[in-house]
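I have placed the structure first, in the form of structure tokens, so that the comments after it can refer back to it.
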Amino acid sequence: MAGLTLNHVYKRYGDVTAVKDFNLEINDKEFLVLVGPSGCGKSTTLRMIAGLEEISEGELYIGDRLVNDVAPKDRDIAMVFQSYALYPHMNVYQNMAFGLKLRKFKKDEIDKRVKEAARILDIEHLLDRKPKALSGGQRQRVALGRAIVREPQVFLMDEPLSNLDAKLRVQMRTEISKLAKRLETTVIYVTHDQTEAMTMGDRIVVMKDGVIQQADSPDTIYNHPANMFVAGFIGSPAMNFISGTVLEESGKLHFKTNNLDVEIPEGKAKLLKDKGYAGKEVVFGIRPEDIHDEPVFLEASPHSVLKSKVEVSENMGSEMYLYLSGIGDETVVARVDARSGVEMGDEVKLAFDMNKCHIFDKE
Ligand code: ADP
């Protein structure tokens with residue numbers, strides 16, 4: 001088991017810089033998720049760690065060992081791909097044993113490791129089957145098994161669940177998390193799926209255009225996003241953004257647009273004043289679940305009650321998404337209890353939970 005360190009790591013392909021000044025310490029036994037939109041440099045980062053791509057600049061350590069020039073097979077890591085990359089002519093046992101055979105492990109040791117991995121993954125009954133006789137989920141387990149038998153210091157996973165259907169994806173998500181804890185191993189997991197990131201990661205690294213935007217726990221990423229990009233990328237439906245100005249009036253801070261005026265609570269206001277936000281054009285952010293239609297909330301937050309019209313309502317069963325007009329210039333989405341009985345076309349009164357609001361610099 002080992003941690004990893006990336007110091008000022010860059011990857012350049014000609015004029016394209018795919019990864020820029022990547023700095024990160026990954027702890028031993030940590031489950032670290034790299035997340036971001038397609039093309040943001042997640043796979044390139046993972047492939048540099050694996051040794052499949054050369055590092056253009058910077059240093060990569062696995063444990064205390066500088067591995068920039070160490071061949072992939074000598075890095076003591078195992079990679080699980082989206083495509084599984086199983087050998088079609090070999091059965092499950094042979095697929096799992098292959099990497100160990102190449103490394104000249106003794107037959108007894110190979111047998112012990114393959115059987116143990118098969119037991120952990122609950123695929124003991126499939127050892128004689130060829131990949132074509134397996135379901136998607138079973139193939140994914142075999143791919144994991146191939147990595148496990150190597151007993152590597154670090155597991156690298158590149159979108160390993162993206163070929164599975166939605167239900168199986170949720171199930172395998174839990175299985176991989178449990179497996180990682182059980183094996184007490186370091187995992188670096190790449191995905192573009194923010195739900196996978198939020199549910200699996202001990203820590204999430206959000207990337208955009210080859211640059212780390214934020215590296216924090218799921219809770220911190222969700223509740224204290226470092227910038228508008230992170231705030232908009234994590235969370236579904238996405239955080240609402242409203243452009244406007246922070247204004248100071250008789251000692252209080254307000255956020256204002258042409259049709260909206262809400263008071264910022266004292267604690268937050270003080271921080272914003274200290275950072276020089278009074279008088280500044282900003283983007284106000286509020287998550288759909290922090291907009292309430294409950295009477296108790298409407299009474300408690302008199303400074304943030306707004307009237308608006310429900311343009312569209314989507315009933316999800318337990319909750320309902322309201323698409324609202326009349327607040328700022330954009331449509332604002334609120335997530336309320338489905339039993340609230342709100343219908344399309346209704347005029348509604350809503351309150352922002354201003355303790356949960358965010359103020360971002362304009363980007
Ligand atoms: P992600 O995994 O986040 O989707 P990638 O790491 O695959 O992103 O790619 C990051 C950027 O690097 C993209 O702009 C991509 O086009 C570019 N890129 C990746 N591989 C190569 C390559 N072999 N040659 C040139 N550009 C590449």
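The values are calculated or read from the model by the stated rules, or taken from the named source; none is laboratory data. Predicted, not measured: the structure shown is a model, and the values here were computed from it. Note: ideal-geometry Cβ built from the backbone for every residue, glycine included; neighbour counts use all protein chains shown.
When only residues in region 35-65 that are in contact with a Leu (Cβ under 7 Å, 6 or more places away or on another chain) and within 9 Å of the ligand (Cβ to nearest atom) count, which is farthest from Gln213 (Cα to Cα)? So, considering only residues that are in contact with a Leu (Cβ under 7 Å, 6 or more places away or on another chain) and within 9 Å of the ligand (Cβ to nearest atom), the one farthest from Gln213 (Cα to Cα) is Leu46.
Looking at Ala278, Ala226, Ala269, which is the one that is without any contact (Cβ under 8 Å) to a residue 60 or more places away in the chain, more than 20 Å from Gly328 (Cα to Cα) and not in a helix (DSSP H, G or I)? Give the derivation first.
Details: Ala278 fails: more than 20 Å from Gly328 (Cα to Cα); Ala269 fails: not in a helix (DSSP H, G or I).
It is Ala226.
Checked across region 310-322, the condition of being in contact with a strand residue (DSSP E or B) (Cβ under 8 Å, 6 or more places away or on another chain) and under 12 Å from Asn240 (Cβ atoms) holds for at least one residue. Restricting attention to region 166-212, the residues that are more than 16 Å from the ligand (Cβ to nearest atom), surrounded by 23 or more Cβ atoms within 10 Å (Cβ to Cβ) and among the hydroxyl-bearing types (Ser, Thr, Tyr) total 1. Listed by position, the strands (runs of 3 or more DSSP E) contained in region 1-86 that have at least 2 residues being farther than 16 Å from Met157 by Cα and more than 20 Å from the chain's Cα centre (by Cα) are 4-13, 16-26, 57-62. Every test in (1) within 16 Å of the ligand (Cβ to nearest atom); (2) among the basic types (Lys, Arg); (3) under 25 Å from Glu175 (Cα atoms) is passed by Lys112 save one, and that test is (1).
Results for (1) under 21 Å from Leu126 (Cα atoms); (2) in contact with a helix residue (DSSP H, G or I) (Cβ under 8 Å, 6 or more places away or on another chain); (3) of a type in the set (Phe, Trp, Tyr), shown as yes or no for each residue.
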site: Phe31; (1), (2), (3): no, yes, yes
site: Val35; (1), (2), (3): no, yes, no
site: Arg47; (1), (2), (3): no, no, no
site: Tyr84; (1), (2), (3): yes, yes, yes
site: His89; (1), (2), (3): yes, no, no
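Just one of the listed residues (Ala133, Ala97, Ala143) is modelled with pLDDT of 95 or more and either closer than 20 Å to Val35 by Cβ or of a type outside the set (Lys, Arg) (or both), and it is Ala97. Residue count for region 17-34 under the criterion of being more than 9 Å from the ligand (Cβ to nearest atom) and of a type in the set (Val, Ile, Thr): the result is 2. Checked against (1) within 30 Å of Tyr10 (Cβ to Cβ); (2) not in a loop (DSSP other than H, G, I, E, B), Arg146 passes all but condition (1). When Thr245 is tested against (1) at pLDDT 95 or above; (2) closer than 20 Å to Met200 by Cα, only condition (2) is not met.
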